[in-house]
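Novice: First the structure, which I've put down as structure tokens, then a few questions once you've had a look.
The values are calculated or read from the model by the stated rules, or taken from the named source; none is laboratory data. Here the structure is a predicted model, which means the values were calculated and not measured. Cβ coordinates were reconstructed from backbone atoms using ideal geometry, including for glycine residues, and neighbour counts include every protein chain displayed. To get the accessible areas, we keep the full protein, side chains included, count just its heavy atoms, and leave off ligands, DNA and RNA. Shrake-Rupley method; radii C 1.70, N 1.55, O 1.52, S 1.80 Å.
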Amino acid sequence: QMASIKLPDLPVSEQDLASDAFALAAINGLVVVDIEETRKLSHVPFTLKPSPFSRALFAEAVEVQTDFNALLQALRVDPNFILNVLQETTQNDPFTAKLVDIYRVYFLESRKQALSMGVLRSDYMVSQSGRRPTLRQVEINTIASSFGFLSERVCRAHRMLALKFPQLRIQLEDMPRKY
């Protein structure tokens, strides 16, 4: 069940839009098992319309990612740096302390693998505070990157909603076809 949806200035029945959005979530695999009731599926959080993101800012995010990858790789090969930086945090945060324990075992005690791979997700937002929109990185997520594949499915749901509800004024030609 969804809370109230506020869509000002759109001649669309909120109930029709919500019902179709939930159906599209289900057929596009945008569902997870409900934590409270394991026999029930819930939709993952998603927007009813795509958020505009300029091609120039997208290209900037892609370009800067190489630098972030190099930074994370440099941190990976110097485990003592991370251990020193997180020392105080581990004394007050049990979750971080457990992660540091795992990190310590892997990097300092059992480091036998010559190759490694990072599965990362970088989250960005567009800041409108200046004269022109600028890119702001929210985080580089090294733990919760499991929903990255959903972006293509959300895009597919947005396309379907755009076709059914043209009054949403979603510009299909501006939406990416592939990632």
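Novice: Which condition number does Ser122 fail, the rest of (1) hydroxyl-bearing (Ser, Thr, Tyr); (2) open to solvent by less than 50 Å² (accessible area, probe 1.4 Å); (3) in contact with a Leu (Cβ under 7 Å, 6 or more places away or on another chain) being met?
Specialist: It fails just one condition, (3).
Novice: Right, next: When Ala97 is evaluated against the numbered criteria (1) closer than 30 Å to Pro52 by Cα; (2) surrounded by 13 or more Cβ atoms within 10 Å (Cβ to Cβ), which criterion, by number, is the only one it fails?
Specialist: Checking Ala97 against (1) closer than 30 Å to Pro52 by Cα; (2) surrounded by 13 or more Cβ atoms within 10 Å (Cβ to Cβ), the one that fails is (1).
Novice: For the stretch 47-71, enumerate the residues that are touching a Leu at 6+ places or on another chain (Cβ under 8 Å) and either on the phi > 0 side of the Ramachandran plot or at pLDDT below 85 (or both).
Specialist: Matches in the stretch 47-71: Leu48, Lys49.
Novice: For the stretch 61-72, give me each residue that is more than 30 Å from Val32 (Cβ to Cβ) and open to solvent by less than 80 Å² (accessible area, probe 1.4 Å).
Specialist: Those that are more than 30 Å from Val32 (Cβ to Cβ) and open to solvent by less than 80 Å² (accessible area, probe 1.4 Å): Val64, Ala70.
Novice: Among the residues of the stretch 162-171, is there at least one that is open to solvent by less than 60 Å² (accessible area, probe 1.4 Å) and either closer than 22 Å to Gln73 by Cβ or among the small types (Gly, Ala, Ser) (or both)?
Specialist: Checked against the condition, which is being open to solvent by less than 60 Å² (accessible area, probe 1.4 Å) and either closer than 22 Å to Gln73 by Cβ or among the small types (Gly, Ala, Ser) (or both), the stretch 162-171 yields at least one hit.
Novice: Please verify whether the stretch 73-87 includes one or more residues that are exposed (fewer than 13 other Cβ atoms within 10 Å of the Cβ), part of a helix (DSSP H, G or I), of a type in the set (A, V, I, L, M, F, W, C) and at pLDDT 85 or above.
Specialist: yes
Novice: Quick one: how many residues across the stretch 149-179 are closer than 30 Å to Leu99 by Cβ and modelled with pLDDT under 70?
Specialist: Number of matching residues: 1.
Novice: Further question: Quick one: in the stretch 26-60, of everything that is assigned to a helix (DSSP H, G or I) and over 23 Å from Pro166 (Cβ atoms), which residue is most open to solvent (accessible area, probe 1.4 Å)?
Specialist: Arg55
Novice: Let me ask something else. Report the residue count in the stretch 13-25 for those that are at pLDDT 85 or above and either surrounded by 15 or more Cβ atoms within 10 Å (Cβ to Cβ) or within 19 Å of the chain's Cα centre (by Cα) (or both).
Specialist: 5
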